[in-house]
Amino acid sequence: MVMLSILTYPDSRLHRVAEPVSLFDEELCHFVDDLTETMSAGPGGVGIAAPQVDRLQRIVLVDVRPKLGDDCHGLMVLINPELVAWEGMAVGREGCMSVPDFTGNVIRAERIQVQAQDAQGRERSYECEGFEARAIQHEIDHLDGFLFLDRLVSRKTDLFRRKHYRK
């Protein structure tokens, strides 16, 4: 597996719209493995989208076990994901590996249903809530060229400099 380089804001490539995946082959599986390793290596990395590593395909990974333990779906490989239902809205703090110096308050649906394909092209459907639902919505935004910065409640009062701790 290979660690991939993550694009960081203000790189304009982060605002491009990703294309659907149509070929489910061994190369795609290798890319998903590399993307998984890259996500896991980031501090607090619970999600990543292919456009963050300069690959314009509709591929998202979410694994919130580092934050929630086993009270979630585990590693979800979401290829060509679509939100098909959502309800409730809540403000929550978000960060991003592509925006390493800031966090911000964003409004997201509290409960969602997402349909996608896995790395073998099989159809999948997940019902998620809370932090897991927020992470999926955040990553799907990357596929459409949006960062959490584009969805802040208020740029004046809801953007915060991230704290960096010495090791």
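The values are calculated or read from the model by the stated rules, or taken from the named source; none is laboratory data. Everything quoted here is computed from the prediction, not taken from an experiment. Neighbour counts run over all protein chains shown; Cβ positions are idealised from the backbone, glycine included. The area values use the complete protein model at the heavy-atom level, side chains included, leaving out ligands, DNA and RNA. Shrake-Rupley method; radii C 1.70, N 1.55, O 1.52, S 1.80 Å.
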### Query
Between residue 34 and residue 113, how many nm apart are label points set 7 Å from Cα along the C-beta direction?
3.6
### Task
Quick one: accessible surface of residue 97, probe radius 1.4 Å, all protein chains present, in square angstrom to the nearest 10.
40
### Query
If you roll a 1.4 Å probe over the chain with all protein chains in place, what percent of the accessible area is carbon or sulfur?
49
## Note on the structure
So, over other residues within a Cβ distance under 11 Å of residue 148, counting Lys, Arg +1 and Asp, Glu -1, the net charge is -1
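Where does each of 163, 156, 67 land when they are ordered by accessible area, with a 1.4 Å probe and the largest first?
My answer, sorted largest first, is 156, 163, 67.
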### Query
For segment 108-118, what does the Karplus curve 6.51 cos²θ - 1.76 cosθ + 1.60, with θ = phi - 60°, yield as ³J(HN,Hα) per residue in whole Hz, taken in order and with x for Gly and Pro?
9, 5, 7, 10, 9, 10, 10, 10, 7, 10, 8
### Table column - 3J(HN,Hα) (Hz), segment 28-35, Karplus curve with 6.51, -1.76, 1.60, x for Gly and Pro
4, 4, 5, 4, 4, 4, 5, 5
#### Entry: Projected label distance in nm at residue 84 and residue 17, using a 7 Å step from Cα toward the beta-carbon
2.3
